[in-house]
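Okay, so here's the structure we're looking at.
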Amino acid sequence: MSRPRILTFMVGLLLLVFYSRVMWLTDLNFTIDEVRSAMRSAGNLPQLIHWQPDDWPPLHNLLLGLWRNIVGEHPVVLRLSSIIFFLPAIPVIYRIGRRLTKSEQVGWSMAIAYAAMGFSVYLSTHLRPYALSLCLFPIVLWLTDRYFASVRKSKIRRFIAALVLAIAINALFYTTYTALFPFAFIGLYTVAC
């Protein structure tokens, strides 16, 4: 399949996923956890970090606070951030599937399945850090694969790949501490490859 055609299909898939999530946002009530996330994102940077509970890292609420300052405080608009955070995972999942199996059909199947899973639909329509981790996990997996593919490249390319991977791993860790499970999966993946 040609690049313009892949791009056209991917944009169509992303628009379909975006629309399928947005049409639900007005019908959902805020849960107590979502209210807490919204309230914790209402301060300046020192307040945002200070208001974090011990069992949640601050990255999601920092990004949510930035989002809130840009677009406003309406619950639908706040929940829209979860959809925006989730969408980049879909093309990354496609790339992972295509790269690992050398099959575009598998890549498309994986992207569609990842976007259509009930777990993904639920988390990408609620104001929780898990939507951001749903995006960051495939990115970290893809960057890990790219890092090991760069082993035969120049030292500067390996260093850049390692640096970008380290930033993505830290972002995932500072989104949710349950990222330890994806880290275990990535560790097993690196041993298997």
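Note on percent of Cα pairs over 32 Å apart: of the candidates [x] 20; [y] 41; [z] 29, the value calculated from this structure sits at [x].
Hey, any idea what % of the chain's accessible area is carbon plus sulfur with a 1.4 Å probe?
Answer for the chain is 68 percent, counting heavy atoms of protein chains only.
Surface exposure of the chain, expressed per residue as accessible area with a 1.4 Å probe, stands at 58 Å². Straightening the chain between D54 and Y177 buys 43.2 nm, computed as 0.36 nm per residue apart minus the Cα-Cα spacing.
So what is the relative contact order for the chain, in percent, with contacts set as C-alpha pairs under 8 Å and at least six apart? Computed over the chain, the figure is 22 percent.
Between L28, L14, L143, the residue with the greatest mean-square fluctuation in the GNM of the chain (Cα pairs under 10 Å linked by springs) is L28. Length available on full extension from R152 to I112: 0.36 nm per residue minus the Cα-Cα distance, which gives 11.1 nm. Rank L136, L78, L16 by mean-square fluctuation in a GNM of the chain with C-alpha springs under 10 angstrom and give only the top-ranked residue. So, out of L136, L78, L16, the one fluctuating most is L16. The label-point distance for L16 and S103, in a model that sets each label 7 Å from Cα toward Cβ, rounds to 1.9 nm.
Here the label points at Y189 and S2, each 7 Å from Cα along the C-beta direction, are separated by 3.2 nm in the simple model. Show me the trypsin sites (Lys or Arg not before Pro) within region 1-110 that DSSP assigns to loop and that have at most 15 other Cβ atoms within 10 Å of their Cβ. Sparse-neighbourhood loop trypsin sites (Lys or Arg not before Pro): K102. When the chain is treated as a Gaussian network with alpha carbon springs shorter than 10 Å, the biggest mean-square fluctuation among W56, W24, W142 belongs to W24. Rounded to the nearest 0.05, what FRET efficiency do T26 and L66 give with R0 = 22 Å and r taken as the Cβ-Cβ distance? Could you check? Once rounded, the FRET efficiency stands at 0.40.
Calculated FRET efficiency, F9 and V76, Cβ-Cβ r, R0 25 Å, to nearest 0.05? With R0 = 25 Å, the Cβ-Cβ based efficiency is 0.30.
The values are calculated or read from the model by the stated rules, or taken from the named source; none is laboratory data. Just so you know, these numbers come straight off a predicted model, no measurement behind them. Every residue, glycine among them, receives a Cβ derived from its backbone with ideal geometry; neighbour counts consider all protein chains shown. All accessible areas refer to the heavy atoms of the entire protein, side chains included, with ligands and DNA or RNA removed. Shrake-Rupley method; radii C 1.70, N 1.55, O 1.52, S 1.80 Å.
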